[in-house]
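The values are calculated or read from the model by the stated rules, or taken from the named source; none is laboratory data. Since this is a predicted model, take the numbers as computed values, not measurements. All Cβ positions, even for glycine, are placed from backbone atoms using ideal geometry, and neighbour counts span all protein chains on display. What goes into the accessible areas is simple: the full protein's heavy atoms, side chains included, and nothing from ligands, DNA or RNA. Shrake-Rupley method; radii C 1.70, N 1.55, O 1.52, S 1.80 Å.
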Amino acid sequence: GGYTLRTRKIMTNKLLHRLQMVVDIIHPELGGVSVEKIKERLAKTYKAKPEQIIVYGLQTAFGGSRSTGFALIYDNKDFLAKFEPKYRLRRLGLLPARTGSRKQKKELKNKRKKVRGKAKATVGVGKKKK
């Protein structure tokens, strides 16, 4: 309710086992439509499960009431996990979030540069507890 969803430029990508399309959403009364709602609507239209659908790149047109984005509908969850970039899998919660700050990683890298050989693996691990 409150929005219309149209798909265009639909293409079957046999190599990546998916359906690719541009999604146009017209939402005059709403500020925007959530990705979850778009997934559910696409799942109903294309007879797929919402967890096989990726929606990204949503942009609201200037002045509002219209958004455009991109959608991928994979044949199954295995292909989704295989072909989707890692950052999008993290967004979905299929991969764990990255830990440690950028600075921590750089400091560890520079500490490793100062030691040779097998010691590189033990740098930054911490001392053994007795």
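The residues of the chain present an accessible area of 76 Å² per residue when probed at 1.4 Å with all protein chains retained. Sequence-ordered 3J(HN,Hα) estimates for region 19-35 from the Karplus curve with 6.51, -1.76 and 1.60 and θ = phi - 60° stand at 10, 10, 7, 9, 10, 10, 10, 10, 9, x, 8, 9, x, x, 10, 5, 4 Hz, glycine and proline given as x.
Within the listed set R90, R112, R41, the residue fluctuating most in the Gaussian network model of the chain (springs between alpha-carbon atoms under 10 angstrom) is R112. Between the helical axis of 102-113 and the longest alpha-carbon principal axis of the chain there is an angle of about 40 degrees. Largest mean-square fluctuation among N13, N110, N76, in a Gaussian network model of the chain whose springs join Cα atoms under 10 Å apart, belongs to N110. Modelled spin labels at K118 and K82, positioned 7 Å past Cα toward Cβ, are 3.9 nm from each other. Only helices enter this figure: runs of n ≥ 4 DSSP H residues, each worth -39500 (n - 2.57), summed and divided by the residues of the chain, yield -9000 deg cm²/dmol at 222 nm to the nearest 500. Taking 12 Å as the straight-line reach from the Cα of K47, the aspartates and glutamates in range (excluding those fewer than 8 positions away in the same chain) are D75. 3J(HN,Hα) along region 66-72, derived from phi through the Karplus expression 6.51 cos²θ - 1.76 cosθ + 1.60 where θ = phi - 60°, amounts to 8, 10, 10, x, 10, 9, 10 Hz, with x in place of Gly and Pro.
With the charge dipole of the chain set up from +1 on Lys and Arg Cβ and -1 on Asp and Glu Cβ about the Cα centre, the Cα lying farthest toward the positive end among the listed residues L19, L89, G2 is that of L89.
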